[in-house]
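Student: Starting off with a structure, shown below.
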Amino acid sequence: MIMNVYADNAATTKMRDSAVKAYAETAQMIYGNPSSLHSAGQEAKSLLEECRASIASLLGAQPKEILFTSGGSEADNQAILSAARLGKLRGKTKIVSTAIEHHAVLHTLKKLQKEGFEVVLLPVGTDGIVKVKDLEEALDENVCLVSVMLANNEIGTIQPVEEIGKLCREKKVLFHTDAVQAVGHMEVNVGKIGCDYLALSAHKFGGPKGIGVLYARQGSPVYSLIEGGAQERGKRAGTEDLPAIRAMTVAMQEAVGSLPETMKKVTALRDKLIAGLEKIPHGALNGDRVKRLAGNVSFCFEGIEGESLLLLLDDKGISASSGSACTSGSLDPSHVLLAIGRVHDVAHGSLRLTINENNTEEEIDYLIGEVPKVVQYLRDMSPVWRDLQEGKRQYIL
Ligand SMILES: *Cc1c(COP(=O)(O)O)cnc(C)c1O
């Protein structure tokens, strides 16, 4: 019997009921423009500021350090471009980041590189984690920004951001962290991390798509990407999407409020799933087993093609991913899998299952039952697998 299992929560999540309700209520009832002087506008304005204060408090920030954006990508862009602009004014044009960042970071850095910035991408170990020592060596007088993600979207590895924050403070270098995968899934506190910027996105924790936050520590430079009205203290023009902001706030309150229980539940499901999939021969878990997001399961299986695996799993009712949603459909294997040392052929045989509190134990059992069958089915048809079995090729995993 086919069971529908949504296991692609790193790509996006189902909106929480509370968030849908908050969205609809706000859209229906609080439709004034927060910039209008009349009561309808002022009512919207005060709700907007209430949301800002709630989100600030959940992150350990001040309300004026919270800037609403269209999502994680915009927040990443704005943080990096702002720090780079100040850097350039001061003659500091080197940026240090990592090889496993999201494209919202990597492509922004590529753009800056074309404008003359020096970009250093730190490697990661086979565990998918950057070494603080490598960062220390890369930091010099010319560095204006360090950008290291909190948790990776493909392999779920958690980076040593607190140590990095400490180092950046010592060296007086701005530090941005892309926390899009982390917020709502693990504890995130800007004071503890010691970051100057942090990006988050509502749709990764049960909020709506198209809304996010840039946290910018007081005093860190913030330049507007979008010119127009004076919304967001002149840092982001455009009428605020109050229904989405309210829904994001409610989703974040709920996610953060239930963190201890959900992390415990989801971690147990994750570990059961990992143990089940590890029984598949010539496969391997990607990224550190412990320093990883509660909901991330990422594997490489030798002798198969990730794309075919996804299609067959979809026929079984399973929504999964290989690499990131943005790289799926392109022929290049994931930059993250290459960064942890997977060779091209192996990186192509990747599977990412990302679960959250909506997934049940029955669904995990279903995944453990179906994934090995589909892998075997594909291997039975694969000339590469035949070569491996006949000894004409060497197994890597
Ligand atoms: C999803 C994601 C983004 C992009 O966020 P959007 O809100 O979809 O723009 C950025 N970074 C990471 C790590 C992500 O997982």
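The values are calculated or read from the model by the stated rules, or taken from the named source; none is laboratory data. All values reported here derive from a predicted model rather than from experimental measurement. Quick reminder, even Gly has a Cβ in these numbers, built from the backbone with ideal geometry, and neighbours come from all protein chains shown. Calculation scope for accessible area: heavy atoms of the full protein, side chains included, ligands and nucleic acids excluded. Shrake-Rupley method; radii C 1.70, N 1.55, O 1.52, S 1.80 Å.
Student: Apply the Karplus parameterisation 6.51 cos²θ - 1.76 cosθ + 1.60, with θ equal to phi minus 60°, to every residue of segment 334-344 and state each ³J(HN,Hα) to the nearest whole Hz, in sequence, with x for glycine and proline.
Tutor: Once rounded to whole Hz, the list reads 4, 5, 6, 5, 5, 5, 8, x, 6, 6, 3.
Student: Give me a comma-separated list of calculated 3J(HN,Hα) values for segment 379-388, in order, Karplus coefficients 6.51, -1.76, 1.60 applied at θ = phi - 60°, integers in Hz, x for any Gly or Pro.
Tutor: 5, 4, 9, 8, x, 5, 5, 4, 4, 4
Student: Please give the peptides 141-148, 199-206, 88-95 ranked by average Cβ packing (other Cβ atoms within 10 Å per residue), highest first, as a rough proxy for protection. Intermediate values should be presented prior to the final figure.
Tutor: Working: 141-148: 21.8, 199-206: 28.5, 88-95: 15.9.
Those peptides, ordered most packed to least, come out 199-206, 141-148, 88-95.
Student: Output the direction-averaged projected area (hull surface divided by four) of the convex hull of the alpha-carbon atoms of the chain, in nm².
Tutor: Working: hull surface 80.7 nm².
For the chain, the mean projected area of the Cα convex hull comes to 20.2 nm².
Student: Mind putting a number on the dipole of segment 17-257 about its Cα centre? Charges go on the C-beta only, +1 for Lys and Arg and -1 for Asp and Glu, and I need it in Debye to the nearest 20. Walk me through the numbers before you get to the answer.
Tutor: Details: 26 positive and 29 negative charges, 126 e Å.
In total the dipole reaches around 600 debye.
Student: Using Cα-Cα distances under 8 Å and only pairs 6 or more residues apart, what relative contact order does the chain have, in percent?
Tutor: On the way: 801 pairs, mean separation 86.8, N = 397.
22 percent.
Student: Work out, step by step, the length gained on full extension between His344 and Lys14: first 0.36 nm times the residue separation, then minus their alpha carbon distance; give nm to one decimal.
Tutor: Gain on stretching His344 to Lys14: 115.5 nm.
Student: With n ≥ 4 as the cut-off for DSSP H runs, can you work out [θ] at 222 nm for the chain, using -39500 (n - 2.57) per run divided by the number of residues, rounded to the nearest 500?
Tutor: -13000 deg cm²/dmol
Student: Working out 0.36 nm times the residue gap between Lys131 and Asp332, then minus their Cα-Cα distance, what length gain in nm do you get to one decimal?
Tutor: Values: separation 201, 0.36 × 201 = 72.36 nm, distance 2.59 nm.
Between Lys131 and Asp332, full extension yields 69.8 nm more.
Student: Mind checking which lysines have their Cα closer than 17 Å to the Cα of Lys88? Skip sequence neighbours fewer than 8 apart in that chain.
Tutor: Lys110, Lys111, Lys114, Lys172
Student: Relative to the first principal axis of the alpha-carbon coordinates of the chain, what is the inclination of helix 103-114, with its axis defined by its Cα atoms, in degrees from 0 to 90 and to the nearest 10?
Tutor: The two axes meet at around 70 degrees.
Student: Tell me which aspartates and glutamates have Cα within less than 16 Å of Lys204's Cα, excluding those fewer than 8 residues away on the same chain?
Tutor: Asp8, Asp17, Glu74, Asp76, Glu154, Asp178, Glu187, Glu254, Glu357
Student: What is the sum of charges, Lys and Arg at +1 and Asp and Glu at -1, for the other residues whose Cβ falls under 10 Å from the Cβ of Ala79?
Tutor: Working: positive: none; negative: Glu74, Asp76, Asp178, Asp196.
Its environment carries a net charge of -4.
Student: By average Cβ neighbour count within 10 Å, what is the ranking of 170-180, 292-302 from highest down? It would help to have the intermediate numbers written out before the result.
Tutor: Details: 170-180: 23.3, 292-302: 26.5.
My ranking of the peptides, most packed first, is 292-302, 170-180.
Student: From the residues Leu167, Gly156, His203, which one has its Cα farthest along the dipole of segment 150-231 in the positive direction, the dipole being from +1 and -1 charges on Cβ of Lys/Arg and Asp/Glu about the Cα centre?
Tutor: Final value for the positive-end residue is Leu167.
Student: Using only the alpha-carbon atoms, how far is helix 72-89 inclined from the longest principal axis of the chain? Give it as 0 to 90 degrees, nearest 10.
Tutor: 60 degrees
Student: Once you've got the Cα coordinates, tell me which of Lys131/Lys166; Lys316/Lys373; Lys209/Lys272 are over 19 Å apart.
Tutor: Over 19 Å Cα-Cα: Lys209/Lys272.
Student: Something else about it: So, for the chain, what is the accessible surface per residue at a probe of 1.4 Å, expressed in square angstrom? Walk me through the numbers before you get to the answer.
Tutor: Working: 17150 Å² over 397 residues.
About 43 Å² of surface per residue is accessible.
Student: In the chain, if the dipole is taken from +1 on Lys/Arg beta carbons and -1 on Asp/Glu beta carbons about the Cα centre, which of Phe299, Ala320, Thr108 is farthest to the positive end?
Tutor: Working it through, the farthest residue towards the positive pole turns out to be Thr108.
Student: Leu121's amide H: which non-local residues (gap 5+, or another chain) put their own amide H closer than 5 Å, with H modeled 1.01 Å from N in plane and none for Pro or chain starts?
Tutor: Ser97
Student: Here is a follow-up. Between segment 246-301 and segment 342-361, what's the alpha-carbon centroid distance in Å?
Tutor: Segment 246-301 and segment 342-361 have Cα centres spaced 11 Å from each other.
Student: I've got another one for you. With all protein chains present, how much of the accessible area of segment 17-257 (probe radius 1.4 Å) comes from carbon and sulfur, to the nearest whole percent? If you can, show how the numbers build up before the last one.
Tutor: Working: 4970 of 9840 Å².
Ligands and nucleic acids excluded, carbon and sulfur reach 50 percent.
Student: Excluding residues on the same chain fewer than 8 positions from Lys92, give the aspartates and glutamates whose Cα lies under 12 Å from its Cα.
Tutor: Output for Lys92: Glu118, Asp140, Glu141.
Student: Taking the dipole about the Cα centre of the chain, with the C-beta of Lys and Arg at +1 and of Asp and Glu at -1, give me whichever of Ala268, Ser382, Leu214 is farthest to the positive side.
Tutor: Checked the options; the winner is Leu214.
Student: May I pose another question? Given Cα pairs under 8 Å that are at least 6 residues apart, what percent is the relative contact order of segment 198-272? Please report the intermediate quantities before stating the final value.
Tutor: Values: 72 pairs, mean separation 21.2, N = 75.
The normalised contact order for segment 198-272 reaches 28 percent.
Student: With +1 on each Lys and Arg Cβ and -1 on each Asp and Glu Cβ, and nothing else charged, work out how big the dipole of segment 1-137 is about its Cα centre, in Debye to the nearest 20.
Tutor: On the way: 16 positive and 16 negative charges, 94 e Å.
The calculated dipole for segment 1-137 is roughly 460 debye.
Student: So, one more: What does the charge count near Asp345 come to, summing +1 for each Lys or Arg and -1 for each Asp or Glu among other residues with Cβ under 12 Å from its Cβ? Walk me through the numbers on the way to the answer.
Tutor: On the way: positive: Arg342, Arg393; negative: Glu302, Glu305, Asp387.
Value of the local net charge: -1.
Student: Figure the gain on full extension for Lys64 and Lys291 (residue separation times 0.36 nm, minus the Cα-Cα span) and round it to one decimal in nm. Before the final figure, lay out the partial values.
Tutor: Details: separation 227, 0.36 × 227 = 81.72 nm, distance 3.21 nm.
Extra length from Lys64 to Lys291 when fully extended: 78.5 nm.
Student: Just by accessible area at a 1.4 angstrom probe, what is the order of Tyr23, Tyr223, Tyr377 from largest to smallest? Numbers along the way, then the final one.
Tutor: Values: Tyr23 85, Tyr223 60, Tyr377 125 Å².
Greatest to least solvent exposure: Tyr377, Tyr23, Tyr223.
Student: Helix 39-59: angle to the longest alpha-carbon principal axis of the chain, degrees 0 to 90, nearest 10?
Tutor: 50 degrees
Student: Give the relative contact order (percent, whole number) for segment 15-141; include only Cα pairs under 8 Å separated by 6+ residues.
Tutor: On the way: 103 pairs, mean separation 17.8, N = 127.
In percent, rounded to a whole number, it is 14.
Student: Still on this structure, I have one more. When the Karplus curve 6.51 cos²θ - 1.76 cosθ + 1.60 is applied with θ = phi - 60°, which whole-Hz ³J(HN,Hα) does each residue of segment 204-216 get, with x for Gly and Pro?
Tutor: Computed from phi, the couplings for segment 204-216 are 8, 9, x, x, x, 7, x, 9, x, 9, 10, 8, 10 Hz.
Student: Give me the net charge of Asp387's neighbourhood, meaning all other residues with Cβ under 12 Å from the Cβ of Asp387; Lys, Arg count +1, Asp, Glu -1. Can you show the working numbers first?
Tutor: Working: positive: Arg379, Arg386, Lys392, Arg393; negative: Glu302, Asp345, Glu390.
Residues near Asp387 contribute +1 overall.
Student: When ranked by the protection proxy of mean other Cβ atoms within 10 Å per residue, highest first, what sequence do the peptides 263-275, 183-195, 29-41 form? Mind dumping the intermediate values first?
Tutor: On the way: 263-275: 16.8, 183-195: 20.8, 29-41: 13.8.
Taking the mean over residues of other Cβ atoms within 10 Å, the ranking is 183-195, 263-275, 29-41.
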